[in-house]
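Contents: one structure, followed by commentary.
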Amino acid sequence: MSIEAARFPRLGLAPLETRGLDQRESALARAIYGQVLRRWLTLEWVLGWALDRPLGVIEPPLRAVLLAGSAQILLLDRVPDHAAIFESVQWAKRRVRPGAGGLVNAVLRRIAGLRGADGRDTTGAGGQAWSDRRDAIPRADGSAVVLGAEVLPEDEWVRLSVASSCPPLLLDHWRASFGPERARVLALHSICEPPVILNVAHVRADQYGPVPGDLLGPHEADGSRVFVGDRAALLGLLGARDDVWVQDPGSSRAVEAIGSPGEGFDPRLIVDLCAGRGTKTRQLAAGWGGAKVLATDADERRVEELRAVFAGHERVKAMAMDRVLREAGGRTDLVLLDVPCSNTGVLPRRVEARYRFGGEATDRLIREQRRILDAGGSLMAPGARLAYSTCSLNPAENADQARWVARRHGLRLVRQHEHQPTGVPGDEPGRYSDGSFVAVLESGGRVGR
C-alpha cells in the first residue's frame with residue numbers, strides 16, 4: 001500500500017501481495033486494502049483531523065499505515081480497535097522507523113475515541129439510515145459510523161465528497177450532467193460493495209442441467225441472477241459449463257441493444273475489437289449462433305488469455321489485433337467496441353477510477369476512443385452495425401463520440417441507451433447494477449445474407 005500512498009491519486013493497482021498469509025489473513029488484507037482504496041478521501045479527512053499536520057506531507061509508508069489502521073477502526077467491524085492499533089504500531093516500528101510507532105499510536109487512538117466508549121457506536125440499515133450529518137460516515141451496508149464530534153465539513157457538497165470519497169471535480173460533473181439529486185445517489189452508489197451477478201440468459205439446461213437454485217438469488221434484470229455461494233462454488237460452476245458467466249446487467253445490455261435476427265439483423269462475421277477477458281464475446285457468440293466471432297485486444301497478454309478461454313470453441317477465434325484489422329477489414333457485419341473509458345459507471349468495481357477523472361486523463365481517453373472508433377469503422381461491410389460501448393457516465397465519452405463517428409464514417413444512429421447505475425448502500429443485492437452506455441450505428445447497404 002506504500003506504493004499507492006506515494007502516487008495517489010494516480011493509482012496503478014498492482015495485485016495485492018498475500019504470499020505467506022493463511023486464508024483468513026489474506027481475506028483481511030484484501031478487505032483492508034479495498035476499504036482504503038474505496039474510501040481514501042474519507043480516511044484522509046479524518047486522519048487530517050487527528051493529526052497536527054496534513055496527511056500528504058507524511059512519508060508514504062507511514063501514510064499507508066495510518067490509512068490501513070483507520071480503515072479497520074472506522075469501516076471494519078470484525079477487527080477490535082486495540083488489535084488494529086497494536087498491529088499498526090508494530091508495523092510502523094518495523095517497516096518505517098522505530099519512532100513512527102508513537103505517532104501511529106496517538107493518531108489511531110484519537111480516531112478510535114471518536115467511535116465512543118466501546119468503539120462500536122453505529123446505526124444499522126434496519127434503524128436510522130445515514131442522514132448527511134457532520135458526525136456520521138456512511139458505510140456500504142447502509143449503516144453509519146456515528147462519531148463523537150462533528151468532524152466532517154460544513155458545506156454539504158464538500159461533506160458529500162468526503163463521506164463518499166468522490167472528488168469534488170467528479171461530483172461537480174455529475175451535478176452539471178444529471179442534477180443534484182442524481183449526483184447524490186451516484187456518490188452513495190459508489191461506496192456499495194457490488195455483488196457477483198451471473199448472466200443466465202443463455203442457459204442450456206438440456207445439455208448441462210439447471211443451475212443449482214441454492215447458488216442463485218433474485219435480480220431485477222431479466223436474464224441476471226445474484227450468485228450467493230462461496231468462491232469455490234463459483235469457480236466450480238464456471239469451470240463446469242460455458243453457458244453461464246459473471247456479467248453485470250449494465251454490461252449485458254450493451255450487446256442486447258445491438259439487435260437480433262428477428263428484426264432483420266443476422267451477422268455472419270462479428271469482431272469484438274476490445275474483448276478484454278471475453279465476457280461480451282461469450283454473449284455475442286450465444287446471441288448469434290450462426291456467426292463467426294473474432295476476438296482481439298490491444299493488450300497482447302489479453303489475447304493470449306482469450307485464446308485459452310475460447311480454445312476449442314467452434315465459432316470463436318482469438319487473434320492478434322493487426323491480423324484482425326488486416327483480414328476482416330471491410331467485410332465485418334458487426335463490430336463491438338467496448339472501449340477503455342473513465343469507468344464512472346462502475347466505481348464500486350473500479351474503485352480507483354474516481355480519483356483519475358477529468359483533465360488530461362479524460363482527454364487522453366477521448367483521443368484513444370476515437371482511434372478505436374476509426375479502426376472499427378474500417379472493418380465495417382455495407383449494412384454492418386457498429387456498437388460503441390462504455391461503462392462511463394460522461395457525455396463527452398458517450399453521445400459526443402457516437403455523433404463524431406457517425407459524421408466521420410457516414411453512419412446512421414440506430415439507437416443509443418444510457419443505463420444509470422442502480423442500488424445504494426443498504427439495498428438488496430438484486431437491485432444493484434453498473435452504469436453503461438451503448439450506441440448502435442449502421443452503414444449503408446444490407447447485411448443478413
* Using +1 on the beta carbon of Lys and Arg, -1 on that of Asp and Glu, and nothing else charged, what's the dipole of the range 195-247 about the Cα centre, debye to 20? -> 120 debye
* Computed label-point distance, nm, for sites E263 and D374 using a 7 Å Cα→Cβ extension -> 3.0 nm
* Size of the dipole of the chain about the Cα centre, Lys and Arg at +1 and Asp and Glu at -1 on the beta carbon, nothing else charged, in debye to 20? -> 1040 debye
* Ranked by how many other beta carbons lie within 10 Å on average, peptides 52-58, 82-88 from highest -> 82-88, 52-58
* **Cut-off under 5 Å, modelled amide H: who pairs with R415 long-range** => V440
* Rounded to the nearest 500, what is the 222 nm mean residue ellipticity of the chain from helices alone, with -39500 (n - 2.57) per DSSP H run of 4+ residues and division by all residues? => -13000 deg cm²/dmol
* Structure fact -> the range 248-442, Kirkwood Rh and Cα Rg, ratio Rg/Rh at 0.95
* Asked: Short version: ³J(HN,Hα) in whole Hz for each residue of the range 418-433, in order, from phi by Karplus 6.51 cos²θ - 1.76 cosθ + 1.60 (θ = phi - 60°), x for Gly and Pro, what are they?
  -> 10, 9, 6, x, 10, x, 10, x, x, 5, 5, x, x, 8, 6, 7
* Please state, to two decimals, what the Cα-based radius of gyration of the range 178-275 comes to when divided by 2.2 N^0.38 Å (N = residues). => 1.33
* Structure fact -> The farthest towards the positive end of the charge dipole of the range 195-247, of the residues G236, S224, G213, given +1 on Cβ of Lys and Arg and -1 on Cβ of Asp and Glu, is G236
* Structure fact -> DSSP beta bridges in the chain: the antiparallel percent, rounded to 5, is 60 percent
* Structure fact -> Quick note on H313, H173, ordering by fewest other C-beta atoms within 10 Å, gives H313, H173
* What does the convex hull of the Cα atoms come to per residue for the chain, in Å³? -> 155 Å³
* Structure fact -> For the range 195-247, shape from the Cα gyration tensor axes a ≥ b ≥ c, cut at a/c of 1.5 then a/b versus b/c, turns out oblate
* **Average Cα contact separation per residue, the chain, under 8 Å, 6 or more apart, as relative contact order %** => 13 percent
* Among R370, R408, R115, whose mean-square fluctuation peaks in a Gaussian network model of the chain (Cα, cutoff 10 Å)? -> R408
* Charge dipole (debye, nearest 20) of the range 271-364; +1 at Cβ of Lys and Arg, -1 at Cβ of Asp and Glu -> 240 debye
* **Peptides 66-77, 30-41 ordered by average Cβ neighbours within 10 Å, highest first** => 66-77, 30-41
* **Proximal lysines relative to K280, as straight alpha-carbon distance under 24 Å, when same-chain residues fewer than 8 apart are discounted** => K292, K317
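All of the numbers you see were taken from the coordinates with simple rules; none came from a lab. Values in this document were obtained by computation on a predicted structure and should not be read as measured data. Glycine also receives a Cβ, built like all others from the backbone with ideal geometry; neighbour counts cover every protein chain displayed.
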